[in-house]
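Here's the structure, in structure tokens; my notes come after.
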Amino acid sequence: MTNPQWVGDDIDLTRPSVSRMYDYYLGGFHNFGPDREMAEKAIAGWPELPQIMRANRAFLRRGVTYLIDQGVRQFLDIGSGIPTVGNVHEVAQELAPDAKIVYVDTDPVAVAHSKQLLEGNTGAAALSGDFTRPAELLQEVQQLGLLDPQKPTAVLLNALLHFVPDEAKPAELIAHYRDWSATGSYLMISHATHELHPTEQTEGFKQLYRNATSQMRFRGRDEVATFFEGYDLVEPGIELLTRWRPDEASSTQDAERFPGWAGVGRKP
Amino acid sequence: MSQKRLSADWELALRESGDPLAGQDFAHLAERLAMVTLAGLTPTADAEKSGRRLGRMLADAHFTAPRAIGQAVMVLARYAPDVGDLHRERQLLLMQGGLAAGHASAVQQRLLTHQEAIHQAASAARDEVAQALSESEARWRRLVDQAPVGIAIGDIEGNILEANASLQRMLGFTLDDMRGMRIEQFTHPEDGEDVWETYADLVAGRSDEYRMEKQYVRKDGEVAWTNLSVSLIRDPDGEPAFQVAVVEDITERHTLQEQLSHEATHDPLTGLPNRVLFLRRLDRAVADPGPDDRVAVLFIDLDGFKFVNDSRGHIVGDRVLIAVAERLAEAAQASGALVARLAGDEFVALLSSRRGEQRPMTVAEELLAALKKPLNVTGQLPVQVGASIGVVELAAAGANSAEIMQAADLALHAAKEAGKGRVVEHDPQRRAGQLTKFQVAMQLPGLVERGELALVYQPLVRLDTGAVHSVEALLRWNHPHMGPLSPDMFIRIAEENAAILPIGRWVLDRACADMAVSAWPAVNINVSVRQLYSPRFLNDIKRALDLAQIEPSMLRVEITESVVMNLDDPEPVAVLDTLVNMGVRLVMDDFGTGYSNLAALRRLPWHELKLAGAFLESSRAGQAWSPTDQRILQTLVELAHSIDLLVTAEGVETAEQDQQVREIGCDVGQGWFYARPAPVIIQPSATRRPAAKPTPPQARRNGSAPNTAPMPTIQVRR
């Protein structure tokens, strides 16, 4: 857990990092031996993993596009990871050059890397922060001055919440961000689920992540729905990743192969 | 195969392996890929070079995953059936080779760039952490240095490694001083053994922290009191590595505490230890004694101090107490006795010693002797106060503080009873027959209701005719366990707590009633000052006289001289005036004991005067009065006669004394020589006077020589 007010976490590159594994799944080279080793183990147990990641990224792309269409120009992407190839700010700023994006991650390497990549981009910034400590995180965001809390902001929690245990009370944490954001703001979630796969597979996956910087917690559709309390879900509600507002570039074929729930809600 | 189909094939491959978020136009890229493919397959083209270009284009567009190159090679392979001739087939192979080589080369470049980027990021992040750490360390150091508590770090061998500014200030040593010092050097002479045992336990790893109050000697030699708390820091293997001390300066608090504790345990007036400290010391003396240890308590009570206080005021009284305290403390010094002030004019001394070392009775006599010399009191003539001392001495083993105090109280009581100015050692045999002041106070309420009071009467005899002049009603407490108790045992206590009022009322009623059925010419009762202040007093007198149907002149109210002397308030004087107007007669009792103020005789219409029994004390011991004493007494009597007062001599026990009081001109005598006090004898015909003669009938009847040792009851006059 990063605490910018006090001593920073030491950086342990011998432990696999969720964000660098994610990078590896997508064919990136921003990773280290331990990340690759564990990512390969994951793929061995679940060969479709890279495709699932791609499906998640495709949802992210469609979601951001949708939000830009709704007039949202501010994005708070928490758990953004390594901004490998293209990212939210690229999608958003291509459609709306005035879009502002703040990336937040706990992984200091990911944050440092994001800062490198965003150098010169006045509309995007990265900072170190922890989703489970909303007060501190939002204070950092405030200090950054890039986002105007009076204007609608989309909070993106993509492939993040399944790393947040129940003990951390994710619904209550989300409420903090909801209360902080202005009317007309959005919440976007994608979340891994066990509901479409045999228990052995998801259990194996959980075991695997036990050694990584974050543990996994698969959740069902109903549980994911509770995260949208205080938001109005937009069409089509909570859907499988590939079935959420598919466009011409995506296929809804074999949607069950991509075991994640996706949804977007609007704060009325 | 048409360009369009090739283009579509490329697009499919791109979609299969590309990153959906990269935001690229797959169709456009596919079209360019198809064009490059076709151009490379023309007969003169460098197919391998075109292949390399394709590979590079794919890699640059992020198609870097292993499956991407596979997909690309497959696109070219799927195109092969449409090629047709050998040359172009060869061109296609060259292109595939080039594609693989170009892609691999571009991916390699990219990989190196990415790796460098991520390493840079990692190192940047590390720098940031290091920076944060160093800032945090600097902040920490500032905090430690500015902390109001002293903080020190030492190694396990006891060398001091670090010490913050507060600690340096607290102890007066600089950091360099302290770095050259070992923890053991901070021993204070008053450290208990446990201090360094506790320390040894910590550095040996047997404990992880300790807290204690500890004093240090500062560099300048002063003492600093601290709240010390030391924690052990272990290395990763759990072995003791360092110790961290947090030291809070509590010198001021400690000084204040000592002051407060001194105040709580010392008498503010005299500076002597108070009851709390005294009892604590006594408890300690009996708590863990050796077999030969003795403990003695000397209970000291000033004689006549109340009179000093009443006659000269509290300020002088307080000064007298201060002087007495000094005198006692000084006198006790040689014996090592602890002198404390318990309350009012009560002092106490504690003596603890080994068997045979000290004689508490000797110490007590020394204390008494010290008080014999007049006290110098600021702004006053030298004052003399006497004292009575009760002594108890016993083996410390098996003794109990409360019982010792009770025994000392009893001994003091005995000393007072034996005539003041004496030392009496506690006699365990006597104890059963005595009551403590506390016990008396507890039993006083309800005394009248319980019917435990009785009156006896002692005649006052006219010295010229031998006729009974009057009788004095004397109070007795028929205690259910102790038998008859004289008023000395309880009247003073009753006066202190107002129990005297119902007792006084009972005496009045009883005496008047007895008067009515006897042949006495009159009855004397003693009235206390509290009764004079009681608003009911006059009514009580009237009612008692009415009930008994006796003349007011038959009632004589005795008031002691010391009380009269202090009647500064107009109310009691008015009460006495009214009594006299009613016809009651007024007798001044105990005349000559205190600072006889002859002027006081003028303030009230006295009828009679009773010379204090104390005047007869010296003659009782067999000695005649000196010519001076004789002359003074004679003058007093003459003076009384000159203002028409009748003079009574009290405490007459022998024929010699009878002769003496006659010589100085007394009118009336009272004492065993004439008659012992006796219960009322009801006269069947409540008429005439008994055949009282100059020779005491009772003394004769008993056949005992009147010059035997005086019994306490002789002194009784209430």
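The values are calculated or read from the model by the stated rules, or taken from the named source; none is laboratory data. All figures in this text were calculated on a predicted structure; none of them were measured in a lab. No Cβ is skipped: glycine too gets one built from the backbone with ideal geometry, and neighbour counts run over all protein chains shown.
Computed quantities for the displayed model
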| item | result |
| --- | --- |
| Any hit, the range A:176-191, residues being farther than 24 Å from residue A:73 by Cβ and either surrounded by fewer than 19 Cβ atoms within 10 Å (Cβ to Cβ) or not hydroxyl-bearing (Ser, Thr, Tyr) (or both) | yes |
| Residue that is farthest from the other protein chains (Cβ to nearest Cβ) [pool: residues in the range A:108-140 that are without any contact (Cβ under 8 Å) to a residue 12 or more places away in the chain and over 19 Å from residue B:117 (Cα atoms)] | A:122 |
| Residue list for the range B:638-652, restricted to those being in a helix (DSSP H, G or I) and surrounded by fewer than 21 Cβ atoms within 10 Å (Cβ to Cβ) | B:638, B:639, B:641, B:642 |
| Neighbours by Cβ (under 6 Å, 6+ apart or cross-chain): first from the range B:300-311, farther than 18 Å from residue B:390 by Cβ; second of a type outside the set (Gly, Ala, Ser) and surrounded by 20 or more Cβ atoms within 10 Å (Cβ to Cβ) | B:308/B:320 |
| Residue list for the range B:452-472, filter: under 47 Å from the mean Cα position of the chain (by Cα) and assigned to a strand (DSSP E or B) | B:453, B:454, B:455 |
| Test: residue in the range B:253-265 that is of a type outside the set (Asp, Glu) and at positive phi | no |
| Condition met for residue B:32 (more than 14 Å from chain A (Cβ to nearest Cβ) and under 30 Å from residue A:55 (Cα atoms)) | yes |
| Within the range A:91-158, strands (runs of 3 or more DSSP E) holding 1 or more residues that are closer than 18 Å to residue A:189 by Cβ | A:100-105, A:154-158 |
| Per-region count, the range A:41-67, residues more than 12 Å from chain B (Cβ to nearest Cβ) and among the charged types (D, E, K, R) | 2 |
| Breaking point among (1) away from chain B (no Cβ under 14 Å); (2) modelled with pLDDT of 85 or more; (3) over 16 Å from the mean Cα position of the chain (by Cα), for residue A:245 | (1) |
| Qualifying residue in the range B:122-132 (condition: of a type in the set (S, T, N, Q), away from chain A (no Cβ under 14 Å) and out of contact with any Asp or Glu (no Cβ under 8 Å at 6 or more places or on another chain)) | no |
| Selection from the range B:278-301 of residues that are over 23 Å from residue B:317 (Cβ atoms) and assigned to a helix (DSSP H, G or I) | B:279, B:280, B:281, B:282, B:283, B:284, B:285, B:286, B:287 |
| Test: residue in the range A:84-105 that is of a type in the set (Asp, Glu), closer than 20 Å to residue A:29 by Cα and in contact (Cβ under 8 Å) with a residue 60 or more places away in the chain | yes |
| Residues that are over 19 Å from residue B:17 (Cβ atoms), of a type in the set (A, V, I, L, M, F, W, C) and outside any loop (DSSP other than H, G, I, E, B), drawn from the range A:43-87 | A:44, A:64, A:67, A:68, A:75, A:76, A:78 |
| Filtered residues of the range B:410-421 (kept if within 16 Å of residue B:347 (Cβ to Cβ) and out of contact with any Lys or Arg (no Cβ under 6 Å at 6 or more places or on another chain)) | B:411, B:412, B:413, B:416, B:420, B:421 |
| Scope the range A:12-37; condition under 20 Å from residue B:18 (Cα atoms), among the aliphatic types (A, V, I, L, M) and facing another protein chain (nearest Cβ under 10 Å); matching residues | A:26 |
| Condition broken by residue B:37, with the remaining ones in (1) within 14 Å of chain A (Cβ to nearest Cβ); (2) in contact (Cβ under 8 Å) with a residue 40 or more places away in the chain; (3) β-branched (Val, Ile, Thr) satisfied | (1) |
| The range B:492-531, residues that are among the aliphatic types (A, V, I, L, M), surrounded by fewer than 23 Cβ atoms within 10 Å (Cβ to Cβ) and not in a helix (DSSP H, G or I) | B:498, B:499, B:517, B:519, B:522 |
| Test: residue in the range B:364-382 that is surrounded by 17 or more Cβ atoms within 10 Å (Cβ to Cβ), closer than 20 Å to residue B:427 by Cβ and either free of Cβ contacts under 8 Å to residues at least 40 places away in the same chain or not hydrophobic (A, V, I, L, M, F, W, C) (or both) | no |
| Qualifying residue in the range B:107-116 (condition: touching a Ser or Thr at 6+ places or on another chain (Cβ under 7 Å), within 30 Å of residue B:57 (Cα to Cα), within 14 Å of chain A (Cβ to nearest Cβ) and not basic (Lys, Arg)) | yes |
| Any hit, the range B:208-224, residues being aromatic (Phe, Trp, Tyr), in contact (Cβ under 8 Å) with a residue 12 or more places away in the chain and assigned to a strand (DSSP E or B) | yes |
| Matching residues in the range A:68-107 - criterion: being among the small types (Gly, Ala, Ser) and within 11 Å of another protein chain (Cβ to nearest Cβ) | A:86, A:92 |
| Residue B:53 vs. criteria farther than 30 Å from residue B:170 by Cα, touching a residue at least 40 places away in the same chain (Cβ under 8 Å) and charged (D, E, K, R) | yes |
| Strands (runs of 3 or more DSSP E) contained entirely in the range B:317-415, each with at least 2 residues that are among the β-branched types (Val, Ile, Thr) and under 25 Å from the mean Cα position of the chain (by Cα) | none |
